[in-house]
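A.B. asks: Sharing a structure here in structure tokens format.
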Amino acid sequence: MSPFFYHSAAWLREQVGSDPKRGTAMLVASVSVPVLTAFMVRTYRRRSLLRQRKEYVAEMECQMRSKEQEVASRISEERAKEITSLSFTELQSKLQKGELSCIEVLYAFQRVAFTENVQLNFIVQPVLEAEDMARRLDSLDAEARKKLPLFGIPISVKENYNMRGYKSTVGVSKFISKTCSETSGIVQALVDAGAVPFIRTNIAQTMMSLAAHNPIYGQTRNPLDLARSPGGSSAGESAAIASGSSLIGLGSDIAGSVRVPGAWCGITALKPTAGRFSVLNQTSVIKGQSAVKGTSGLMAREVDALVEFTKVVTSDFQFQVDMSIPRQYFKEEEYLSTKPLTIGYSRYWAPVEVTQSAQRAVARAAAELSKQGHKVVEWDLPEFPDIPARMAVQAYFGDGGVQMVNNLANDDVSYVIQTTMRALTVSNRLKQTVAAVAQKLIPQDWRYKFLTGLAGAKDVNEWFELQNKIAQYRKLWIDDWNRKGIDVLLAPAVPIPAEFISPKKGCSAAAGAYVYLLNLVNFPAGVVPFGKITPEDEANDFKNYPNQDLMQRRLKENIKGSTGLPLSVQCVALPYREEMCLRVMNLISKLQ
């Protein structure tokens, strides 16, 4: 017995003496006082968080109302729609020639964004300095304008990108108290190139979800169907762009967070190789994990916009801001090349089934590219002794979820991550035991092995082993591509149409089954819309999609009413070959 407990017990005996009633009272008090104190502390901290959140939300709403009223008096709705309907290249040309002023273009996008935001809720905050930026750009002479490739182009920015003087909360109340002292490297690079950030956009709480809700800013909806999610975690970006409120914006991607919302909203998106775009000064709930790295991502209405912005963030505009990025400039000759390619295509990645309409979109894109002289070959996922999903989850939550749980202490937890949070708060030993028992009872079910990933790494040795496995898996992909001479791969982006918003059911991680693997192997990947679901597609998809277990039944529910929603193709290239990826995305975009 420790000296503390020994002396405490002796003191208690001395106080009690021979009176049992007094002893009982003393015992109850000794137990209840610490419990009550802990409860009061937690209650105080929670109330403080909620009060702080309420004040912050009120401040944001006030800013929105003020800016909305101001913009409504500066430009008509008709003029705003006329400007925002221009393509990226048209807008870029008119700004450079002086046919449109930067301030009028800014007002146009602000007006449309504020209008669309009423029903979609994608704006978390207007960028208050946007007008000053636009006026400063308008004051430049023609020679200075030519040096700015993004001169006057308004951009939307996901909330996790730090901007000096603003708060990056990632939907977590704890972070409201922190004001950013520096601006994100990639945001600064785009501003230096002439872009004008004008709105900050909504995210899924913690960004560890493919959904579109958090307790601070609320629920974002899909412009194509208000009952459905726009996808996440870059939810606000996809909704803003799909609604015509933005031409291009910044998202981020560690498990499909630009590609899933891009596919569900029918826009284009690019996840580069981790390390090619700056991630300097971004907010995250999980820090220090380097086995599967998150990356900045671009989302846009058109592939042309992705290309122009990629050129900027692979140029001195970025390299001068973030010295840690290798000086790998945009390879124009690779993007513009007409050399025939070997294009692999894959319609199914086990174990998550994909709708037949999504499979046909991939096959149709491959067939069309074959007609243009490219060699097309089928490709299957290479076999590996471990389960990639388990490795990815173990990497994301290498600490067993400690950081995520701590950051959400005393906070409201969004429905989009409630299941994950319940699993993370269970002891690691219990997770391992449940997974082991279930694996023996149901050995064919991969999800129980997947559960062990949430336990994280038990020690440094296991963490090293995980990183080694991921490196082996990445090498397996690269070796297989090199043997088969594959330049680009086509695959489904999502297994189902956009999910219905359902606070009771949450969101399905299985919706990301066709995107997270590219983060695991660190291959660049983009999505491009390619057709829409027809009534015949919907009927056929619903009839043929399996419903053998809960996961499949939940995914299948989203097929109902999907007529008219977009189909997309995911384009994948070898690491640091973003130009090749964009080249094929551009080819596919012109097939429609």
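A.B. asks: For the subset of segment 198-228 comprising residues that are over 13 Å from the mean Cα position of the chain (by Cα) and crowded, with 24+ Cβ neighbours inside 10 Å, which member is nearest to residue 493 (Cα to Cα)?
C.D. replies: Filtering first and then ranking leaves 222.
A.B. asks: I need the full set of residues from segment 230-251 which are open to solvent by 10 Å² or more (accessible area, probe 1.4 Å) and either touching a Ser or Thr at 6+ places or on another chain (Cβ under 8 Å) or in contact (Cβ under 8 Å) with a residue 60 or more places away in the chain (or both), in order please.
C.D. replies: Once the filter is applied, which keeps residues that are open to solvent by 10 Å² or more (accessible area, probe 1.4 Å) and either touching a Ser or Thr at 6+ places or on another chain (Cβ under 8 Å) or in contact (Cβ under 8 Å) with a residue 60 or more places away in the chain (or both), segment 230-251 yields 243, 244.
A.B. asks: Are there any pairs, at least 6 apart or on different chains, whose C-beta atoms fall under 8 Å, with the first in segment 90-106 and within 18 Å of residue 301 (Cα to Cα) and the second open to solvent by 40 Å² or more (accessible area, probe 1.4 Å) and part of a helix (DSSP H, G or I), and if so, which?
C.D. replies: Pairs found: 92/308.
A.B. asks: Would you mind telling me which numbered condition in (1) modelled with pLDDT of 95 or more; (2) in a loop (DSSP other than H, G, I, E, B); (3) open to solvent by 10 Å² or more (accessible area, probe 1.4 Å); (4) of a type in the set (S, T, N, Q) residue 540 fails?
C.D. replies: If we test residue 540 against (1) modelled with pLDDT of 95 or more; (2) in a loop (DSSP other than H, G, I, E, B); (3) open to solvent by 10 Å² or more (accessible area, probe 1.4 Å); (4) of a type in the set (S, T, N, Q), just (2) comes out false.
A.B. asks: What are the pairs, 6+ residues apart or on separate chains, where a residue within segment 170-189 that is open to solvent by 40 Å² or more (accessible area, probe 1.4 Å) has its Cβ under 8 Å from a residue that is β-branched (Val, Ile, Thr) and not in a helix (DSSP H, G or I)?
C.D. replies: From residues that are open to solvent by 40 Å² or more (accessible area, probe 1.4 Å), the pairs are 188/321.
A.B. asks: Something else: Hey, can you tell me all the residues within segment 561-592 that are farther than 30 Å from residue 226 by Cβ, open to solvent by less than 40 Å² (accessible area, probe 1.4 Å), out of contact with any Phe, Trp or Tyr (no Cβ under 7 Å at 6 or more places or on another chain) and not charged (D, E, K, R)?
C.D. replies: Across segment 561-592, the qualifying residues are 580, 581, 584, 586.
A.B. asks: Then there's this: For residue 281, all conditions in the list (1) out of contact with any Asp or Glu (no Cβ under 8 Å at 6 or more places or on another chain); (2) open to solvent by 20 Å² or more (accessible area, probe 1.4 Å) hold save one; what is the number of the exception?
C.D. replies: Residue 281 satisfies every listed condition except (1).
A.B. asks: Starting from residues that are aliphatic (A, V, I, L, M) and under 17 Å from residue 388 (Cβ atoms), keep the ones in segment 432-454 and report whichever is modelled with the highest pLDDT.
C.D. replies: 454
A.B. asks: Shifting gears a bit: Only strands (runs of 3 or more DSSP E) wholly contained in segment 271-381 count here; list those with 1 or more residues that are within 23 Å of residue 168 (Cβ to Cβ) and touching a helix residue (DSSP H, G or I) at 6+ places or on another chain (Cβ under 9 Å).
C.D. replies: 295-300
A.B. asks: Can I ask one more? Within segment 510-531, is even one residue over 16 Å from residue 261 (Cβ atoms) and surrounded by fewer than 17 Cβ atoms within 10 Å (Cβ to Cβ)?
C.D. replies: No, every residue in segment 510-531 fails to be over 16 Å from residue 261 (Cβ atoms) and surrounded by fewer than 17 Cβ atoms within 10 Å (Cβ to Cβ).
A.B. asks: For residue 294, indicate whether it is small (Gly, Ala, Ser), modelled with pLDDT of 95 or more, under 13 Å from the mean Cα position of the chain (by Cα) and open to solvent by 10 Å² or more (accessible area, probe 1.4 Å).
C.D. replies: It is true that residue 294 is small (Gly, Ala, Ser), modelled with pLDDT of 95 or more, under 13 Å from the mean Cα position of the chain (by Cα) and open to solvent by 10 Å² or more (accessible area, probe 1.4 Å).
A.B. asks: Hey, any hits in segment 304-321 for a residue that's out of contact with any strand residue (DSSP E or B) (no Cβ under 7 Å at 6 or more places or on another chain) and of a type in the set (Phe, Trp, Tyr)?
C.D. replies: Yes.
The values are calculated or read from the model by the stated rules, or taken from the named source; none is laboratory data. Please read all numbers here as calculations on a predicted model, not as lab measurements. No Cβ is skipped: glycine too gets one built from the backbone with ideal geometry, and neighbour counts run over all protein chains shown. These area figures cover heavy atoms from the full protein model, side chains too; ligands, DNA and RNA do not enter into them. Shrake-Rupley method; radii C 1.70, N 1.55, O 1.52, S 1.80 Å.
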